[in-house]
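Read-outs throughout are calculated quantities, based only on the coordinates presented, and are distinct from any laboratory measurement. Remember, it's a predicted structure, so these values are computed and weren't measured experimentally. Quick reminder, even Gly has a Cβ in these numbers, built from the backbone with ideal geometry, and neighbours come from all protein chains shown.
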Amino acid sequence: MNSEIVDSFSQMVREKGIDKDVLAGVVEDVFSMMVRKRFGQEAKFEVVVNMDKGDIEIFLEREVVETVEDPNLQIDLKTARDLSGEDLEIGEDYVEVVPLVTFGRRLVVSAKQNLNQRIKEIERDIIFNEYSNAIGDIIVGEIYQIRRNEILINHNRNELVLPKSEQIPKERYKKGETIRAVVKEVRKNSGTPAVIVSRADMRFLAKLFELEIPEIYDGIIEIKAIAREPGERAKVAVESHDDRIDAVGACVGMKGVRIHTIVRELNNENIDVINFTDQPELFIQRALSPAKIVELKLSPEEKSCEVLVANDQVSLAIGRNGQNIRLASRLTGYELNLIKEGGDEDEYDIELIDFKDDLGEELYLKLIAAGFDTAKEVINAPMEKLAEVEGLDEARVHEIWEMMQRDLEEAEVGEGEIEIRKSDAEAETTGEDVTPEESSAEGIVPEQEEEAKADEEEPSGQKDPADDEGDSSVEEKEPVTHSEDSSVAEPENQPGNETKVSGQ
């Protein structure tokens with residue numbers, strides 16, 4: 001019977017990954033509990049568990065006395081001599097081996113329950129310690145259940161949770177697929193610890209760079225800062241600790257092979273790779289690329305900066321839905337306030353007639369009659385004046401403001417893209433060649449590879465120190481980049497060796 005018990009424990013060691021010595025200690029504790037319940041709390045005993053030989057022995061020690069008062073602690077002289085076959089004397093200790101069958105069914109069931117509970121606690125501790133030490137590391141698991149607000153992943157027979165908030169937006173998952181994610185958090189609770197993994201965390205992007213780029217893994221290139229909006233766009237600032245290595249070129253790789261692997265893993269997320277610098281003005285200029293900056297007014301104490309840009313660069317500096325300036329602010333740690341050169345005299349506006357279908361003909365005519373001809377006039381008008389228009393209340397006014405503001409932002413971005421197309425067409429007409437230093441890596445997927453061949457360049461993994469001007473990480477480059485919703489080149493970038501990779 002003893003060997004059968006130990007065989008069961010050995011199987012448990014193999015299946016659940018519990019350390020053999022730890023399990024032996026648990027078995028000793030469980031059998032010690034059985035002995036105390038059977039012979040009392042003051043009983044003298046020893047439990048010996050040999051996991052290798054398959055032996056479990058319980059030795060009970062009792063005092064030899066003339067008259068027995070407590071049979072659990074004492075034994076009479078005649079009985080002791082008969083059982084041991086030795087010439088024992090009064091006051092000596094008699095040690096006997098207690099068979100497991102003497103404990104009874106109820107004690108065995110109780111011990112079994114206690115053992116199961118202890119093993120579950122050990123399993124929970126193993127899982128918690130394993131994944132607590134793996135926080136920030138990438139795991140590869142299999143999707144086995146998809147729920148409304150979370151996805152369950154099987155990793156080494158453990159259940160990991162990928163909440164909706166940690167998923168890449170618009171990414172689609174299928175049951176049985178292999179998935180990569182970074183361990184973000186491990187929570188202890190009454191049951192099995194909850195292991196939270198993420199694909200939207202910045203550490204996931206940093207770890208992908210580390211896996212795909214040997215120079216980062218070896219510490220030659222360091223990731224200094226990351227700003228990211230999952231599934232849309234990310235900015236990564238890198239710095240080389242070796243003057244012979246170009247940080248941006250090494251991250252992009254030959255023909256973009258390194259960075260494209262990361263882009264595909266992130267559901268074609270656009271990635272801007274720029275050189276880090278300790279000079280805040282230059283760093284902000286690089287972070288705001290591809291927009292060209294006219295002037296910067298820095299306030300280091302308040303961690304804010306006023307950015308003056310030309311009117312035709314406003315849409316590029318802001319980016320789609322404010323994405324570019326928002327990521328640049330996170331990357332640099334400065335609050336960036338955008339100012340148009342020359343004020344708002346050439347500010348883009350939309351005629352009110354373009355909103356006729358959204359407003360309805362009746363309300364449109366009332367607004368025209370009240371003196372409103374453009375969207376800007378409506379947005380800048382005080383609430384009291386708009387409330388005088390029949391059919392408008394405060395809620396409706398706010399709704400109209402939001403609609404017009406949204407369309408204005410989209411129109412400004414569209415206008416910027418038209419300028420980009422125009423400049424690109426002019427460059428093609430004049431037959432100007434684009435040098436490798438002026439080009440940037442472009443994310444390419446197979447179905448658009450033919451279209452991208454003309455734009456594809458080979459970023460250099462090394463740079464000539466003679467080209468530097470006081471800063472080994474600065475190289476004059478004018479990247480030609482593509483946005484996700486445009487297949488044409490964007491205007492030249494600020495100095496800073498910035499590379500933009502777009503998911504097509």
Past the 28 Å Cα-Cα mark, which pairs from LYS164/LYS292; LYS224/LYS255; LYS170/LYS356; LYS164/LYS255?
-> LYS164/LYS292; LYS170/LYS356; LYS164/LYS255
Rank by packing, highest mean first: peptides 301-307, 263-269, with packing defined as the count of other Cβ atoms within 10 Å averaged across residues.
-> 263-269, 301-307
Sorted by mean Cβ packing within 10 Å, highest first, what order do the peptides 89-102, 139-152 take?
-> 139-152, 89-102
Output the pairs from LYS37/LYS78; LYS207/LYS303; LYS184/LYS207 with a Cα-Cα distance over 19 Å in this structure; if there are none, say none.
-> LYS37/LYS78; LYS207/LYS303
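According to the Kirkwood expression over distinct Cα-Cα pairs, how big is the hydrodynamic radius of region 2-129, in Å?
Details: mean 1/r = 0.0614 Å⁻¹.
After inverting the mean inverse Cα-Cα distance, the result is 16.3 Å.
Output the relative contact order of region 239-320, whole-number percent, from Cα pairs under 8 angstrom with separation of 6+ residues.
Working: 65 pairs, mean separation 15.3, N = 82.
Relative contact order for region 239-320 comes out at 19 percent.
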In Å and whole numbers, how far do the C-alpha atoms of region 134-200 stretch along each principal axis, longest first?
-> 32, 21, 20
One computes Rg over Rh for region 35-96 from alpha-carbon atoms, with the Kirkwood Rh, and obtains 1.04
Using alpha-carbon positions, the gyration tensor of region 237-327 gives root eigenvalues a ≥ b ≥ c; with a/c under 1.5 called rounded, otherwise prolate if a/b exceeds b/c, else oblate, the class is oblate
Using Cα-only point scatterers and the Debye equation, what is log10 of I(q)/I(0) for region 121-241 at each q in 0.10, 0.14, 0.19 Å⁻¹, rounded to two decimals?
-> -0.34, -0.65, -1.05
